[in-house]
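**Student:** I have a structure here, written as structure tokens, and I will follow up with some questions on it.
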Amino acid sequence: MTAALLDTLPYARFLNLQTQVNGDEITTVMPFADRLVGNPMLPALHGGATAALLEMTAIAQVSLLYPRLRLPRPINVTVAYLRSGRPINVYARARIAKAGRRVAHVEAEAWQEARGEPIASLTAHFLLDPETEET
């Protein structure tokens, strides 16, 4: 379900995002490609690609644990860039810190070689659509 979810998002297909589901936890992989370099002088990954990876990982995690007819819609998203992303694969995981009937608070981290050394983190709130339409 989650892999199919990311396949429906054009930017996720552009980034070639791949998911690995282990129980109720998703790890998303963004394989390195030259088009993802934002600063060729370093070289460093583009911050927008890193932010998109984190946001889509969070959406996939919320969708896995709280399936709805519509995707969770972001209310606010904050990304902290902790270090430059090198030109290698990037991994991301999200954790739902709190979820109510309408809103989920999600935290996510992206790393490259060591999970304990994240390159970016995300804090976001997502609107959960009601499971059934109210009349």
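**Student:** Could you list, in sequence order, all residues of the range 73-94 that are closer than 18 Å to G38 by Cβ and either small (G, A, S) or not in a strand (DSSP E or B) (or both)? Outline the logic, then answer.
**Tutor:** The first filter runs over the range 73-94 and keeps only residues closer than 18 Å to G38 by Cβ, leaving 79-90, 92.
Answer for the range 73-94, where residues must be closer than 18 Å to G38 by Cβ and either small (G, A, S) or not in a strand (DSSP E or B) (or both): A80, L82, R83, S84, G85, R86, P87, I88, N89, A92.
**Student:** Can you tell me how many residues in the range 97-114 are among the hydrophobic types (A, V, I, L, M, F, W, C), open to solvent by less than 50 Å² (accessible area, probe 1.4 Å), farther than 16 Å from L53 by Cα and in contact with a His (Cβ under 8 Å, 6 or more places away or on another chain)?
**Tutor:** Result for the range 97-114: 3.
**Student:** Here's another thing I want to ask about it. I want to confirm something. Restricting to the range 36-80 and keeping residues that are at pLDDT 95 or above and loosely packed, with under 14 Cβ neighbours inside 10 Å, which single residue is farthest from E113 (Cα to Cα)?
**Tutor:** So the residue we want is I75.
**Student:** If you go through the range 7-25 one residue at a time, how many are open to solvent by less than 30 Å² (accessible area, probe 1.4 Å) and either over 25 Å from S84 (Cβ atoms) or in contact with a Gly (Cβ under 7 Å, 6 or more places away or on another chain) (or both)? So that I can check it myself, show each step before the final result.
**Tutor:** Taking the range 7-25 as the starting set, the residues that turn out to be open to solvent by less than 30 Å² (accessible area, probe 1.4 Å) are 12, 15, 17.
Next cut, either over 25 Å from S84 (Cβ atoms) or in contact with a Gly (Cβ under 7 Å, 6 or more places away or on another chain) (or both) only: none.
Counting residues in the range 7-25 that are open to solvent by less than 30 Å² (accessible area, probe 1.4 Å) and either over 25 Å from S84 (Cβ atoms) or in contact with a Gly (Cβ under 7 Å, 6 or more places away or on another chain) (or both) gives 0.
**Student:** P43 fails exactly one of the following numbered conditions: (1) without any contact (Cβ under 8 Å) to a residue 40 or more places away in the chain; (2) in contact with a Pro (Cβ under 6 Å, 6 or more places away or on another chain). What is the number of that condition?
**Tutor:** (1)
**Student:** Mind counting the residues in the range 100-127 that are outside any strand (DSSP E or B) and modelled with pLDDT of 95 or more?
**Tutor:** Final tally of qualifying residues: 6.
**Student:** Condition first: of a type in the set (A, V, I, L, M), more than 22 Å from V21 (Cβ to Cβ) and touching a strand residue (DSSP E or B) at 6+ places or on another chain (Cβ under 7 Å). Now tell me which residues in the range 50-88 satisfy that.
**Tutor:** Answer for the range 50-88, where residues must be of a type in the set (A, V, I, L, M), more than 22 Å from V21 (Cβ to Cβ) and touching a strand residue (DSSP E or B) at 6+ places or on another chain (Cβ under 7 Å): A51, I75, V77, V79, A80, L82.
**Student:** Picking from A51, A97, which residue would you name as being not β-branched (V, I, T) and not in a strand (DSSP E or B)?
**Tutor:** A51
**Student:** Based on this model, can you work out whether P87 counts as surrounded by 14 or more Cβ atoms within 10 Å (Cβ to Cβ), over 13 Å from the mean Cα position of the chain (by Cα) and in contact (Cβ under 8 Å) with a residue 40 or more places away in the chain?
**Tutor:** Numbers: surrounded by 14 or more Cβ atoms within 10 Å (Cβ to Cβ): yes; over 13 Å from the mean Cα position of the chain (by Cα): yes; in contact (Cβ under 8 Å) with a residue 40 or more places away in the chain: yes.
For P87, the condition - surrounded by 14 or more Cβ atoms within 10 Å (Cβ to Cβ), over 13 Å from the mean Cα position of the chain (by Cα) and in contact (Cβ under 8 Å) with a residue 40 or more places away in the chain - is met.
**Student:** Sort out which residues of the range 26-35 are open to solvent by less than 60 Å² (accessible area, probe 1.4 Å) and more than 17 Å from the chain's Cα centre (by Cα), and write them in order of number.
**Tutor:** Step one: list which residues in the range 26-35 are open to solvent by less than 60 Å² (accessible area, probe 1.4 Å), which gives 26-31, 33.
Hit for the range 26-35 is A33, nothing else.
The values are calculated or read from the model by the stated rules, or taken from the named source; none is laboratory data. Because the structure is predicted, anything quoted here is derived from the model rather than measured. Note that we place each Cβ from the backbone using ideal geometry, even for glycine, and neighbour counts take in every protein chain shown. Remember, those area values only see protein heavy atoms, side chains included, never the ligands or the DNA or RNA. Shrake-Rupley method; radii C 1.70, N 1.55, O 1.52, S 1.80 Å.
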